[in-house]
Amino acid sequence: MFSTALLSQIILALFCQAFCFEPTEEDLKCFNDYETEMKCSLSTDRLKSCSGYKFQKMYACIFERSNHSDNCECKIKVQDFLLNENFTSTLLEGTNVLSSKTFKTEDFIKPKTPVLSVQKTANGNFNVTWDDQYEIRVLEDLRINLTYGIKGGHENTVPNTVGSFEIMGKNLQPNTNYILTATMSTDYNDHSISSDQSAPVEFTTSKMVIPPLCVGLIIIICVIFICILR
């Protein structure tokens, strides 16, 4: 009988290890855009379902499966964010408190995703500008990291660019499609948290044009070479 009870406990322990997983404080990640939104996610491979989990700060937010990943996410609209303000938030499963976590506003700012625009200039360069998606300048020292390159090939990264950036056409391959993306960060948390990557923007370089003078010179050289051979 003792062996049967022990065997039952072992089976129950193995069953719970596989199916009775509870997320911990380390699994909870929260960010705010320092304008109106705070978003939290539960990121763990062992979490089978988002059902029953909620995040509470003044009022509850139910976790749902993300459309972009396997994480469970919930979003909270916040009227205003203040620097040095502490957020004490609670993770619950039903009414059972799983963990409580305190955040300071500036420590978990994740800027909005930038929207890129590329315009070709008269001299064959490409002027890159972006919209930071903020109606007013609420974040100081926004910094953008641009990444561009041939699709599937080597990428060039231009960090710490502010305002606009001009990609030199002479450094690019002619008649080639390039892809440009970007992320943003802020000095409030020493640029430790980057925004989600922007939607890719494509631009195409011009075909290589050989000046008529060069064409004429090539023809003359060929004629002279043929004459010498004769």
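The 3J(HN,Hα) values that the Karplus relation (6.51, -1.76, 1.60; θ = phi - 60°) gives for the stretch 157-168 are, in residue order, 10, 10, x, 6, 8, 10, x, 7, 8, 10, 8, 6 Hz. Gly and Pro appear as x.
Under the convention that each Lys and Arg Cβ holds +1 and each Asp and Glu Cβ holds -1, the size of the dipole of the stretch 84-193 around its Cα centre is about 460 debye. Within the accessible area of the stretch 42-185, the carbon and sulfur atoms contribute 44%, probe 1.4 Å, all protein chains present. Note on residue 187 and residue 122: the model spin-label points, each 7 Å out from Cα along the C-beta direction, lie 3.5 nm apart. Rounded to the nearest Hz, the phi-derived 3J(HN,Hα) couplings of the stretch 96-102 under the Karplus curve 6.51 cos²θ - 1.76 cosθ + 1.60 (θ = phi - 60°) are 7, 7, 8, 6, 9, 9, 10, where x marks glycine and proline.
Peptide packing: for 199-205, 159-165, the average count of neighbouring Cβ atoms within 10 Å per residue gives the ranking 199-205, 159-165, highest mean first.
The residues of the stretch 115-205 expose on average 57 square angstrom of accessible surface per residue, using a 1.4 Å probe on protein heavy atoms. Over the stretch 77-200, the Kirkwood radius and the radius of gyration, each from Cα atoms, give a ratio Rg/Rh of 1.12. Within the set 112/170; 39/151; 75/151; 54/77; 77/101; 54/112, which residue pairs have Cα atoms separated by over 27 Å? Table pairs above 27 Å Cα-Cα are 112/170; 39/151; 75/151. Using R0 = 45 Å, the C-beta based FRET efficiency linking residue 36 and residue 176 works out to 0.65. In this structure the amide hydrogen of residue 71, modeled in the peptide plane, comes within under 5 Å of the amide hydrogens of 66, none closer than 5 places in sequence on its chain.
Pairwise Cα separations in the stretch 22-104 fall into 5 Å bins from 0 onward with the following percentages, short to long: 3, 14, 29, 26, 16, 9, 2, 0.
The label point for residue 95 and the one for residue 141, both projected 7 Å from the Cα toward the Cβ, are 4.8 nm apart.
The values are calculated or read from the model by the stated rules, or taken from the named source; none is laboratory data. Because the structure is predicted, anything quoted here is derived from the model rather than measured. So basically every Cβ, Gly included, is an ideal-geometry build from the backbone, and we count neighbours across all protein chains shown. For accessibility, only protein heavy atoms count, side chains too; no ligands or nucleic acids. Shrake-Rupley method; radii C 1.70, N 1.55, O 1.52, S 1.80 Å.
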